[in-house]
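J.: Can you read through this structure? Questions will come right after.
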Amino acid sequence: MPRGITPRLNICHMYPDLLNLYGDRGNIMAYRMRCLWREIEVAIHQVNIGDSVDFDRMDFIFLGGGSDREQSLMAADLAEKAGALEQAIEGGVPVLAICGGYQLLGKYYKTLTGDIIPGLGILDLYTDGGETRLIGNVAVEVELGGIRQTITGFENHSGRTCLGKLDPLGKVMAGHGNNGRDGMEGARYKNVICSYLHGPLLPKNPFVTDYLIACAVKRKWSIPLKPLDDSIEMSANSVMLKRLLGP
Ligand code: GLN
């Protein structure tokens, strides 16, 4: 990074009014705070239906979750941005997509009532709505950047997601994950992380936040990330893991 210049990351928050279930907005807050604690400034760009966006200028793109109704309201607008988003993803821009946002990066989401909400087809996955909702706290064993940790979060979805040739984010230790059958949770592709975990995910799991920030910082300035004290977050994590997995 050139001397004397304040580092600044551009965060793109997609459809903040429509995709914000179970505190998903907290992901943006956690990402921002962990940047500020390291003296990295952030500019948050909110993108709503009809807004234009230059994904290539972004250092982090976030898509939260939404109800079926909210997903059908924004899906067509997102489809118009599909080519540009795919180009950014292929170029390595870090992306976090939660639940409804995750489903729409895939081929389609077929709701329980049989409506098909077309996805962008960027990721090799599809989602079918199921009779029962998959709800509750989740623990997932994840390996990111050479570090293995069990992350926690909360899921509430009808969709059952099946991955094609794509790595999952991790292995379900408690809860349902992608579909309640194959023991997998979320998906990974390049610098994209997809997950069913609300909670929100990033404040509860600082190691995932730092992975996403580190990807952005490495792409932009090729510098490593300073560690922070995560003892409070990790003690909350261990309380939840004990509750879900036993002592
Ligand atoms: N509407 C989708 C489903 O029920 C996504 C829900 C969510 O984002 N929590 O599967």
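The values are calculated or read from the model by the stated rules, or taken from the named source; none is laboratory data. Just so it is clear, the model here is predicted, and its values are computed rather than measured. Cβ coordinates were reconstructed from backbone atoms using ideal geometry, including for glycine residues, and neighbour counts include every protein chain displayed.
J.: Got a sec? Which helices (runs of 4 or more DSSP H) wholly within the range 54-168 have at least 1 residues that are β-branched (Val, Ile, Thr)?
T.: The helices (runs of 4 or more DSSP H) meeting that bar are 82-90.
J.: Right, another one. Considering only the range 179-212, state which residues are farther than 15 Å from GLU155 by Cα and in a helix (DSSP H, G or I).
T.: Selection gives PRO203, PRO206, PHE207, VAL208, THR209, ASP210, TYR211, LEU212.
J.: Something else now. Just give me the residues in the range 187-215 being modelled with pLDDT of 95 or more and within 13 Å of the ligand (Cβ to nearest atom), in sequence order.
T.: CYS194, SER195, TYR196, LEU197, HIS198, PRO200, LEU201, listed by residue number.
J.: Could I ask something else about it? Determine whether ALA43 is in a strand (DSSP E or B), modelled with pLDDT of 95 or more and exposed (fewer than 14 other Cβ atoms within 10 Å of the Cβ).
T.: Yes; evaluated as a whole, the condition is true for this residue.
J.: Residue pairs, Cβ under 9 Å, 6 or more apart or interchain, first in the range 47-63 and under 17 Å from ILE213 (Cβ atoms), second among the acidic types (Asp, Glu) and modelled with pLDDT of 95 or more. List them.
T.: As it stands, the answer is PHE62/ASP24, since those pairs meet every condition given.
J.: Mind counting the residues in the range 29-40 that are surrounded by 14 or more Cβ atoms within 10 Å (Cβ to Cβ) and part of a loop (DSSP other than H, G, I, E, B)?
T.: 2
J.: Also: Given (1) under 20 Å from the mean Cα position of the chain (by Cα); (2) outside any strand (DSSP E or B), where does PRO227 come up short, assuming only one miss?
T.: Condition not satisfied by PRO227: (1).
J.: In addition: Of the residues in the range 170-203, how many are of a type in the set (Phe, Trp, Tyr) and either touching a strand residue (DSSP E or B) at 6+ places or on another chain (Cβ under 6 Å) or buried (at least 20 other Cβ atoms within 10 Å of the Cβ) (or both)?
T.: 1
J.: Inspect the range 107-115 for any residue being of a type in the set (Val, Ile, Thr), touching a residue at least 40 places away in the same chain (Cβ under 8 Å) and under 17 Å from MET14 (Cβ atoms) and give the result as yes or no.
T.: No, there is no match, as no residue in the range 107-115 is of a type in the set (Val, Ile, Thr), touching a residue at least 40 places away in the same chain (Cβ under 8 Å) and under 17 Å from MET14 (Cβ atoms).
J.: Continuing with the same structure: If you take the residues in the range 50-84 that are among the small types (Gly, Ala, Ser) and crowded, with 19+ Cβ neighbours inside 10 Å, which one is nearest to the ligand (Cβ to nearest atom)?
T.: Out of the qualifying residues, it is GLY65.
Quick grid of which residues meet (1) over 17 Å from the mean Cα position of the chain (by Cα); (2) at pLDDT 95 or above; (3) β-branched (Val, Ile, Thr); (4) closer than 30 Å to LYS218 by Cα:
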{"residue": "ALA88", "(1), (2), (3), (4)": "no, yes, no, yes"}
{"residue": "GLY91", "(1), (2), (3), (4)": "yes, yes, no, yes"}
{"residue": "PRO94", "(1), (2), (3), (4)": "no, yes, no, yes"}
{"residue": "ASP124", "(1), (2), (3), (4)": "no, yes, no, yes"}
{"residue": "LEU134", "(1), (2), (3), (4)": "yes, yes, no, no"}
{"residue": "ALA139", "(1), (2), (3), (4)": "no, yes, no, yes"}
{"residue": "GLY146", "(1), (2), (3), (4)": "yes, no, no, yes"}
{"residue": "GLY153", "(1), (2), (3), (4)": "no, yes, no, yes"}
{"residue": "HIS157", "(1), (2), (3), (4)": "no, yes, no, no"}
